[in-house]
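Below you'll find the structure, written out as structure tokens, and then a few comments.
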Ligand code: GDP
Ligand code: IMO
Ligand code: MG
């Protein structure tokens, strides 16, 4: 099974890191194709807990070559920080490859991210403040800095000058901030050049050749479908394509090579930051999910918003991504609830709507129509086969599978690497 994409089906934090880790020992390359250090993936291995941001989670698996592809925005300082932190814990990071075409997040992107959020006030997106949006905006505006530019001081200086020209006007005249000097940005970026050089590659070529040689390549999406800049709840989204299509454009591997799309979906829903969330719970059930599921951001530590499972969102994800397999995570968090609700459709201004509405206003107005399922009280964290799950947990998983547009191939029953029930092999089908 050569090229496999793994993405988030909801609003992020579904447990993509753990799912990647699960496959890690069987893949040759793990590729991050979108986003940057806005991502936060927690992976628990034995008594060790790792939090990964810019690096793909596959870096934890010995023998895997981790790749930061062209679709990623790279904060180089963060990159070295993360590499050092992992190295000091005994993780081999020597194989990492970074695309020459990936864009760079600089100081001015981070500054702009924070000031624009502040100015938006009540309309703020609730970004992670890592400079993601401004870096992608520069890419699209054709004033971005790419990794390869760091190896040519003249070009780098010209590009930084070009980028800062407009931004300093904005920072000084509109936002009342100090201007950012070209020299300081250039010097900062140049200071990483020699350490970065051995990692930089034509990653599209490397990956295509690996596939030609029969290697297995896993493309690990950051963020998730509903945060995708085209298909998510715009403008309350991130600035990249987090859906499976982004794996092709974000890596330079042709769409015809992808054979499998794994979507990670939580047994309930969470969201960090602003934007519509029809099944959100602002009551004791929401608090239950947050405390039992430990729903606090890996990157920012913010409490995550919590709510019931939204089947139209899962179905939408199945369609947009071409999902072949779902990995259902955190089923154990629902243990102990008397009844579990699942949103099966929405009521939009008195009309039943079965799919995610295309109109943002309709999605804001969408009131969930729920179907209720009986809960279970047995601890399921030790279950390793579907039969070992309580009948009500089995029925819940089967019911949401029937509503969500693809089969469930694995079920997470705890944060540990081993806490998983596999129904179908994710790589072999
Ligand atoms: P990601 O961004 O999609 O990789 O997800 P995060 O790491 O941000 O959030 C998922 C959290 O849930 C992490 O703390 C994981 O350790 C944890 N987790 C993953 N799968 C399961 C599961 O099946 N059960 C429980 N209880 N926790 C899980
Ligand atoms: P992982 O990969 C959850 C959210 C932010 C904000 C919006 C835009 O761990 O699932 P940005 O900084 O990207 O411009 O913020 O997107 N967001 C995430 N939410 N999980 C993530 O990543 C996220 N990355 C960004 O909270 O609402
Ligand atoms: Mg996360």
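To the nearest Å, what is the center-to-center distance of region 204-230 and region 171-191, using C-alpha atoms only? First find each Cα centre; the distance between them is then 34 Å.
For the chain, the pair-distance distribution built from all alpha carbon pairs, in bins 20 Å wide starting at 0, is 27, 56, 16, 0 percent. Once Rg and the Kirkwood radius are both taken over the C-alpha atoms of region 364-429, their ratio Rg/Rh works out to 1.03.
The value of relative contact order for the chain, using C-alpha pairs under 8 Å at least six residues apart, is 20 percent.
What relative contact order, as a whole-number percentage, does region 1-75 give when Cα pairs under 8 Å and 6 or more residues apart are counted?
On the way: 120 pairs, mean separation 25.5, N = 75.
Normalised by residue count, the contact order of region 1-75 is 34 percent.
Between 333, 119, 67, the GNM of the chain built on Cα springs shorter than 10 angstrom shows 119 fluctuating the most. Relative to one another, the C-alpha centroids of region 234-295 and region 318-369 are positioned 12 Å apart.
Note: relative contact order over region 103-197, using C-alpha pairs below 8 Å and six or more positions apart, is 26 percent. Our summary of shape: the Cα atoms of region 1-136 have principal axis extents of 46, 32, 30 Å, ordered from largest down, in whole angstrom.
Region 50-127 and region 405-429 have Cα centres spaced 27 Å apart. When the Gaussian network model of the chain links Cα atoms closer than 10 Å, the mean-square fluctuations of 192, 316, 396 top out at 192.
Of all beta bridges that DSSP places with both ends in the chain, some 40 percent have antiparallel geometry. Relative to the dominant Cα principal axis of the chain, helix 203-212 is inclined by about 50°.
The calculated pair-distance distribution of region 163-220 uses every alpha carbon pair, bins of 10 angstrom beginning at 0, and gives 18, 24, 20, 22, 13, 2 percent.
Sum -39500 (n - 2.57) across every DSSP H segment of at least 4 residues in the chain, then divide by the residue count to get the 222 nm mean residue ellipticity, nearest 500.
Values: 13 runs with 130 residues, N = 429.
Result for the chain: -9000 deg cm²/dmol, rounded to the nearest 500.
To two decimal places, what compactness ratio does region 103-197 give when its Cα radius of gyration is scaled by 2.2 N^0.38 Å?
Here the Cα radius of gyration is 1.09 times the empirical estimate.
Where the alpha-carbon atoms of region 257-345 are placed on the principal axes, they occupy 44, 31, 25 Å, in descending order.
Helix 153-169: angle to the longest alpha-carbon principal axis of the chain, degrees 0 to 90, nearest 10? Relative to the chain, helix 153-169 is tipped by roughly 70 degrees.
Nearest 10 degrees is fine. How inclined is helix 132-141 to the longest principal axis of the chain, computing both from alpha carbons? Long axis of 132-141 versus the principal axis of the chain: about 60 degrees.
Considering only 174, 68, 380, the Gaussian network model of the chain with Cα springs below 10 Å gives its largest mean-square fluctuation to 174.
Taking only the alpha carbons of region 18-67, we obtain Rg and Dmax values of 10.3, 30 Å in that order.
Among rounded, prolate and oblate, which fits region 304-372 when a ≥ b ≥ c are the square roots of the eigenvalues of its C-alpha gyration tensor, a/c under 1.5 means rounded, and a/b larger than b/c means prolate? Oblate.
Read-outs: derived from the displayed coordinates by stated rules, not from any lab. Remember, predicted model here, so these are calculated numbers, not experimental data.
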